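Quick notes on the structure that follows.
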Amino acid sequence: MVAAVAGSAMRLGQIGATPRGGSFWLVFYSTLIAMCFTVPLAAYSASKLTGVSEAGLYGFVSFALGYIGDQWPRVLKFLGGLVKAGLELVVKKGAGQ
């Protein structure tokens, strides 16, 4: 858990100097992403894992989201590629019938 906090701090330190307004937007978007993704990811994980409560996963999920830091464009591009590949597979299956 300490490694996740240290990783988040290192990533935030690598962001570089931003103007005051840029800092506000960075914090705003980081908080928005945390609020929108922490609860659904914890709920989904708790539904797949036995013996783990949703509330018990909030900390782990929030540290994982924090570890990503400002690398969200890369993560979302990767996830978009997975969705695109899945859709192409579905279209190819449908065209083959």
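The values are calculated or read from the model by the stated rules, or taken from the named source; none is laboratory data. Computed from a predicted structure; not experimentally measured. Ideal geometry is used to build each Cβ from the backbone, glycine not excepted, and the neighbour counts take in all protein chains shown. Side chains are part of the model used for accessible areas, which takes the heavy atoms of the whole protein and leaves out ligands, DNA and RNA. Shrake-Rupley method; radii C 1.70, N 1.55, O 1.52, S 1.80 Å.
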task: With a 1.4 Å probe and every protein chain kept in, tell me what percent of the accessible surface of the range 21-97 is carbon plus sulfur.
output: 72 percent
message: 7 Å from Cα along Cα→Cβ at both residue 88 and residue 34: what's the point-to-point distance in nm?
response: 3.7 nm
- line: Given 49-59, 74-84, the highest-first ranking by average Cβ count within 10 Å works out to 49-59, 74-84
statement: Rounded to the nearest 0.05, FRET efficiency between residue 48 and residue 76 (Cβ-Cβ, R0 25 Å) equals 0.65
